[in-house]
Every structure is written in C-alpha cells, then in structure tokens.
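Engineer: Sharing a structure, written as structure tokens. Questions coming.
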Amino acid sequence: MEGLLEIKGLKTYFFTEAGVVKAVDGIDFQVGKDESVGLVGESGSGKTVTGLSVFRIVPQPGKIISGSIIFEGEDLLTKSEEEMRRIRGRKISMTFQDPTTSLDPLYTVGDQLAEVIKEHQRELSKKEAMEKATKLIEMVGISEPRIRVNEYPHELSGGMKQRIAIARALASGPSLLFADEPTTNLDVTVQAQVLELIKDLREKQKMSLVMITHDMGIVAEMTQRVQVLYAGMVAEVGETHSLFKRPQHPYTEALLQAVPRIDKRKELRVIPGNIPNLINPPTGCRFHPRCPYAKEICKEKVPQLELTDKGHLSACHLWRDLSLSGA
Ligand code: SF4
C-alpha cells in the first residue's frame, strides 16, 4: 500500500516539575493512502500525544524530542509554524472527544464552516461558502440544514455537535483524518450513527483515517490495521482481523478480554493494575508488573518489535511460547 504518513522513532516528553514524563517514547507508525488504522491503548498509552505531535500542537510543557513525521514525502518536524497552519485543516484534520474543543460558541455553525471553506477556496464569495457549509451539514446527516446553518453550537445536541465538528474537519477535503475518541461522550445509538458517518465519508472522500480509541469494539468496526500502544511504546501491530484472531502480545489479549461480547458467555476481565508512571517507567518490558506471563527476562530487557507473521509485529519476549486467546 502506498504510504501517506510515516512516523519514525518519535519521542514526545513532558518536562514537569515532578520529572520528565516520557509520554511517547520511540514510536514508529505508518498509514497508507486510503487506509484506516486504529491507534489503541488505555489512557496514558501515548495515542493522543502521537496525534498531537503529528499536528505539532503538543501543549506545554510537552516537547517533541526526536524522530521524524513524514507526510506526503515531507518531514512535518522541519516545517515552519506558517507552513504547519496550511497543512493542518487543509491536508490533515483532527476531531476530538469533546466537539466543543473545535467549535466556537460565539459564531453560528454556518459561519464556522464557511470560514474553513473560504480559507481553502479564497475565490468563493461569502454566499457561496455558506451554500457549501449548508451542503456539508446535510452531508453529515443533519436534518433541516438551512435552519441549522444559522444556529449556535449551544442550540445543538451532543450528537449534532460531533457531526458538525466532523463536518468542520472535512470542510477542506483532507487526505488524512485523526478521529480522537469521537464517540466517547455520546449515547450508544448516536455513537453507532457517528461511526457509520465517519466510515461512510471516509469511503466517499477516499480519505485515510486514524481512529484513536481505547475501545477494541470500535477498532473491529472501523479499521483495517491496528497498532496497540502501551505506556508510550508500541506493543503490537497487525491487520485488524489477524490481531483479533491471534494476538501476539499479552496486553492485546487483555484488551480483547475487556470487550463485552453478547455472543460469548465469557466473564468480562478487567486488566489488573494501572498504566505505569511514565517518569520512572518499569524496567524491561513496561507491561511486566501487570502481565500474567512475565518471567525474569521481562524485568531486565526491553523487548524489541519482532515480525511474528506477515505484517504482524509484537514487542514481547515470549510471543513464540505463548498461546494467547483472541476475540
Ligand atoms: Fe509479558 Fe514479558 Fe511479554 Fe512483556 S515481554 S508482555 S512482561 S511476557
């Protein structure tokens, strides 16, 4: 598959008073053209910080320490702030868990969409941009778009706000969308509708998607490939189907066992313990204090990513010996 985004050796640290938090600590990550990839892990795994690093909007006291982020053949880490402003929104967009992050309460949704449209199509008149904004509102499945276009964010439901945030992210026709937990705050029915919308728009616009989530159910539904992060490092990478069927890392197995299944009368397992403190992460494999299979080597040596099968990689010393259960 032709590459679109290639991250290599990314390290993003936060320099806090308590010490250096190694939030992303040497991550490689690829997204192909027209591909949908899941970036998965519990909170604190580094998935959102990876997204923020691509956008170069890591909040203080965070800093990208090293690595490269090649997008369409160019390293985003060498771009000026002005160049990044043009890339953000035009070529790469992001939607957040809380849609109010990307919507301004003081402007109507029409004005906000028209602003993004005009930024990328300067030749359009205000009226033409508003017309396009109305079409976008209709495209994201909101009824009565001609009324909604003149409403303010507070007049919309949570689900509608998330749809408008998605419309805003897509207003410039980006080639890559980062969707960061876009359905976490929505009720189950609206959640399904928003996921269906993203899937549908991705196919129509031939856009690549990075789905950032802690929910393996969403990964199964939305992605072709998945990368599992644990405590700022890559645990496992593989095609979604094969990773669900034959996980090669105990952390992935634990995530899969934490997914509720109606068709399996299996007890839902909660992953014991918490994600470690990233100022002083555990030695060796960072998962070892929580791993039921840990051996002495796991405490001593950092496992490297190894090819376990075609396109499938695992960072576990014992992947050859373990017979892990899939979904
Ligand atoms: Fe568990 Fe050891 Fe594999 Fe880490 S390296 S996941 S501790 S078995």
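The values are calculated or read from the model by the stated rules, or taken from the named source; none is laboratory data. All of these numbers come straight from a predicted model, not from anything done at the bench. Counting neighbours? That spans all protein chains shown, and the Cβs are built from the backbone with ideal geometry, glycine included.
Engineer: So which of Pro276, Pro250 is within 14 Å of the ligand (Cβ to nearest atom), modelled with pLDDT under 95 and within 23 Å of Thr48 (Cα to Cα)?
Structural biologist: None of the other options fit; the residue is Pro276.
Engineer: Taking the residues in the stretch 116-140 that are free of Cβ contacts under 8 Å to residues at least 12 places away in the same chain and among the charged types (D, E, K, R) as candidates, determine which candidate is nearest to Met160 (Cα to Cα).
Structural biologist: Glu138
Engineer: Which condition number in (1) surrounded by 13 or more Cβ atoms within 10 Å (Cβ to Cβ); (2) part of a loop (DSSP other than H, G, I, E, B) is the one that Val270 fails?
Structural biologist: (1)
Engineer: I'd like the full set of residues that are touching a residue at least 60 places away in the same chain (Cβ under 8 Å) and surrounded by 20 or more Cβ atoms within 10 Å (Cβ to Cβ), limited to the stretch 1-20.
Structural biologist: Leu4, Leu5, Ile7
Engineer: Can you work out which of the residues in the stretch 291-304 that are more than 8 Å from the ligand (Cβ to nearest atom) and under 25 Å from Phe29 (Cβ atoms) is surrounded by the fewest Cβ atoms within 10 Å (Cβ to Cβ)?
Structural biologist: Selected residue: Gln304.
Engineer: Within the stretch 305-319, is there a residue that is surrounded by 12 or more Cβ atoms within 10 Å (Cβ to Cβ), more than 24 Å from the chain's Cα centre (by Cα) and more than 10 Å from the ligand (Cβ to nearest atom)?
Structural biologist: yes
Engineer: Now, a different point. Among the residues of the stretch 111-134, is any closer than 28 Å to Asp215 by Cβ and part of a helix (DSSP H, G or I)?
Structural biologist: no
Engineer: Considering only the stretch 253-273, how many residues are closer than 22 Å to Val188 by Cα, at pLDDT below 90 and within 14 Å of the ligand (Cβ to nearest atom)?
Structural biologist: Looking only at that region, the number is 0.
Quick grid of which residues meet (1) within 26 Å of Lys245 (Cα to Cα); (2) modelled with pLDDT under 95:
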| site | (1), (2) |
| --- | --- |
| Leu186 | no, yes |
| Leu197 | no, yes |
| Arg202 | yes, yes |
| Lys206 | no, yes |
| Met211 | yes, no |
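Engineer: Within the bounds of the stretch 145-168, is there any residue that is closer than 27 Å to Val37 by Cα and touching a strand residue (DSSP E or B) at 6+ places or on another chain (Cβ under 6 Å)?
Structural biologist: yes
Yes/no per residue for (1) among the polar types (S, T, N, Q); (2) touching a Cys at 6+ places or on another chain (Cβ under 9 Å); (3) farther than 24 Å from Gln205 by Cβ:
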position	(1), (2), (3)
Phe14	no, no, yes
Asp28	no, no, yes
Ser36	yes, no, no
Leu52	no, no, no
Ile65	no, no, yes
Ser68	yes, no, yes
Glu82	no, no, yes
Ile92	no, no, no
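Engineer: Let me ask something additional. Scan the stretch 296-309 and report the pairs whose first residue is in a loop (DSSP other than H, G, I, E, B) and whose second residue is among the charged types (D, E, K, R) and modelled with pLDDT of 95 or more, with Cβ atoms within less than 7 Å and a gap of 6+ or a chain change.
Structural biologist: Within 7 Å, no pair qualifies.
Engineer: If I filter the stretch 119-131 for residues that are closer than 30 Å to Ile64 by Cα, surrounded by fewer than 14 Cβ atoms within 10 Å (Cβ to Cβ) and of a type in the set (Ser, Thr, Tyr), do I get at least one hit?
Structural biologist: no
Engineer: Only residues that are farther than 26 Å from Met211 by Cα and either outside any loop (DSSP other than H, G, I, E, B) or within 22 Å of the chain's Cα centre (by Cα) (or both): list them for the stretch 87-110, please.
Structural biologist: Residue satisfying the conditions is Gly110 alone.
Engineer: Restricting to the stretch 27-83, count the residues that are among the aromatic types (Phe, Trp, Tyr) and free of Cβ contacts under 8 Å to residues at least 12 places away in the same chain.
Structural biologist: Result for the stretch 27-83: 0.
Engineer: Scan the stretch 152-174 and tell me whether some residue there is over 30 Å from His317 (Cα atoms), part of a helix (DSSP H, G or I) and hydroxyl-bearing (Ser, Thr, Tyr).
Structural biologist: Checked the stretch 152-174: no residue is over 30 Å from His317 (Cα atoms), part of a helix (DSSP H, G or I) and hydroxyl-bearing (Ser, Thr, Tyr).
Engineer: Still on this structure, please answer the following. Residue check: is His288 free of Cβ contacts under 8 Å to residues at least 24 places away in the same chain, crowded, with 21+ Cβ neighbours inside 10 Å, over 26 Å from Arg163 (Cα atoms) and within 16 Å of the ligand (Cβ to nearest atom)?
Structural biologist: yes
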